[in-house]
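The values are calculated or read from the model by the stated rules, or taken from the named source; none is laboratory data. Note that the coordinates shown come from a computational prediction; the quantities given were computed from them, not determined experimentally. Note that each Cβ is placed from the backbone with ideal geometry, even for glycine, and that neighbours are counted across all protein chains shown.
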Amino acid sequence: MRHLIARWLKNSLFISIILSLLNACSLQSPRYPTALSQGAKGASDATAIQFLPLIAAIVLLLTAIGIAYYFFIKGDLKKWVSEGLALGRSKVDQARFKNQKRRTEAEQLELLRALGHQAWDARVSDPTYADEYGQLEALQAQAAPMEDVVKAVQLELAKSRDARNKLNAAYEQKSKELQVQLNQMKDSLSLLKSEQGKAIATLRKAVEQKQALESEAHDYETRIANLQGSDIPDRDSQIAGLNNSIATLGKTIYALGDQINGLSSQSQKLETDQGPYLVQIDNLKSQMDQAANEHKDALLPLDQQVSNLESNLKSRQAELAAIKEKMIPLIESLGPKVYAARPDSPALQDSYQKLDVKKEQLSSATQGFDLANSRLVSRDAEMLRNFYIMLGIGLLVLVLLVVLLVMAF
């Protein structure tokens, strides 16, 4: 095999050198005089460059086919390919069974751990694992009083939190009731202030109107005094008209005076009526402040009690968790021994069955993995080497063919 491949490589190299020399000679041939135009010379060069790679590709392909046909007729090619494919199948089987074995082992380990926990929870003992069981009982004896303490602290903490919640709820309810009363007082006070503002605004307008009418009446009186000192013909009629106007204005001014007195009394009454509401508002605010202070004073010891209980509970739980942490590996180590001893217990039968199935699956995967390994070991090294050489040469021929065809076209 190696001698034939070496001969093929030597012949291929020789053909490549001959084709290169022919290509160089064709470019310097007298058949292409220098008087030719540049376009004709370029066309001839292009023809020479395209022709030689194509012939080289054909020769290379025919040579490769010839060698392949030779080994095919001889029967070696079929053996190499069969050996290579068998190797590939063996590697695939090896990887598949390896993954299956790894997955089954992990599932089996998880089932064994679960079996240990089930055996301990059901308190299933057996002489084959008496030492581990005794250690677990000793640790459980340490954990039992701690569990009682933890439960007692949890109960006390729940009571303290409940008392605090009730205290907060009572305070919130009282605060809401006082706030409702305060809002009602503020609404009533706002209504009185609004009515007082309207009364004061009406009073101000009435006073301004009365002052304007009094000023107008004074002007009429001044005009009458001036008319009395004059000798105009219609003096008496003008004085009479002015007196009538003054009389009319007097009535209006008198009515405005009564209205002003009424509005003034109303404004004062509205201001007086605001007093009790202001007192009630101050009283409600004082009650709210007092309730807040009383709630704060009552809540402080409860908060301190809850904080102390939470700290104590955290410390107790940490101590209990430390013991439980020591128990977990011992409990999980019971699994393989419980499965080996198979003590009779209804709580463990389902786990036994699952582990039996996993055991069969693991045995099957292990056998498949070992068989795949033995097949890999028994492979013919010489044939595999020839198979890889054949693949390498085939790839090289393919690359050279692509390069030569690209150069040709």
field: Subset of region 268-298 [among the β-branched types (Val, Ile, Thr) and over 15 Å from residue 177 (Cα atoms)]
entry: 272, 279
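Residue-by-condition table, conditions (1) among the hydrophobic types (A, V, I, L, M, F, W, C); (2) touching a Phe, Trp or Tyr at 6+ places or on another chain (Cβ under 8 Å); (3) more than 30 Å from residue 117 (Cβ to Cβ):
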| position | (1), (2), (3) |
| --- | --- |
| 132 | no, no, no |
| 164 | no, no, yes |
| 176 | no, no, yes |
| 201 | yes, no, yes |
message: Every residue in region 193-236 that is modelled with pLDDT under 85 and polar (S, T, N, Q), please.
response: 226, 228, 230
- prompt: When the residues of region 181-210 are filtered to those that are of a type in the set (S, T, N, Q) and under 21 Å from residue 266 (Cα atoms), which remaining residue is farthest from the chain's Cα centre (by Cα)?
  reply: 209
statement: Counting only residues in region 283-297 that are surrounded by 15 or more Cβ atoms within 10 Å (Cβ to Cβ) and of a type in the set (A, V, I, L, M, F, W, C), the one nearest to residue 162 (Cα to Cα) is identified as 291
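Which is in a helix (DSSP H, G or I) and exposed (fewer than 14 other Cβ atoms within 10 Å of the Cβ), of 172, 132?
On the way: 132 fails: exposed (fewer than 14 other Cβ atoms within 10 Å of the Cβ).
Only one candidate passes the filter, namely 172.
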